[in-house]
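S.K.: My questions all concern the structure below.
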Amino acid sequence: MRRHLTPGGLMVAGFELGRGYDLGDYDAACRTATLTLVNRWATWDCQPFLNESDYAVSYTGAELGGISPSRTSSISISSAGRPLLFRL
């Protein structure tokens, strides 16, 4: 995952939980790739992630010169043809 990001780059990934690849596996892969978890939601429209959530959308970033990605960043993505803007 990490090689596809520039220093300071951001990644958003979402997937259904309980299908053979759990959140612990994903978080471990991110740590191994030196990606920092910035935030996590239960849906693409930023509903809070809870222990009982069955879906996870994780916002991770690559460090830039030892500085972790900021929670104050904003990103734009598209879902089903509709633009979404996350202000973190």
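The values are calculated or read from the model by the stated rules, or taken from the named source; none is laboratory data. The shown structure was predicted, so the numbers you read here are calculated from the model rather than taken from an experiment. Cβ placement follows ideal geometry from the backbone for every residue including glycine, while neighbour counts extend to all protein chains displayed.
S.K.: Suppose we keep only residues that are over 9 Å from the mean Cα position of the chain (by Cα) and part of a strand (DSSP E or B) within region 46-63. Which one would you say is surrounded by the fewest Cβ atoms within 10 Å (Cβ to Cβ)? Give the steps one after another, and end with the answer.
M.R.: Here is the first cut: in region 46-63, the ones over 9 Å from the mean Cα position of the chain (by Cα) are 46-55, 62-63.
Those still in the list that are part of a strand (DSSP E or B) too: 48, 55, 62.
Numbers: P48: 9, Y55: 15, A62: 21.
That would be P48.
S.K.: Among residues belonging to region 1-50 that are among the polar types (S, T, N, Q) and touching a residue at least 24 places away in the same chain (Cβ under 8 Å), point out the one that is nearest to G61 (Cα to Cα).
M.R.: Start the filter on region 1-50 by keeping residues that are among the polar types (S, T, N, Q), which leaves 6, 32, 34, 36, 39, 43, 47.
From what's left, touching a residue at least 24 places away in the same chain (Cβ under 8 Å): 6, 34, 36, 39.
Working: T6: 10, T34: 9, T36: 5, N39: 10 Å.
Ranking the candidates gives T36 first.
S.K.: From (1) part of a strand (DSSP E or B); (2) at pLDDT below 75; (3) among the hydroxyl-bearing types (S, T, Y), pick out the condition that doesn't hold for T72.
M.R.: Going through the list (1) part of a strand (DSSP E or B); (2) at pLDDT below 75; (3) among the hydroxyl-bearing types (S, T, Y), T72 breaks only (1).
S.K.: So, in region 11-45, exactly how many residues are of a type outside the set (A, V, I, L, M, F, W, C), surrounded by 13 or more Cβ atoms within 10 Å (Cβ to Cβ) and part of a strand (DSSP E or B)?
M.R.: Qualifying residue count for the region: 4.
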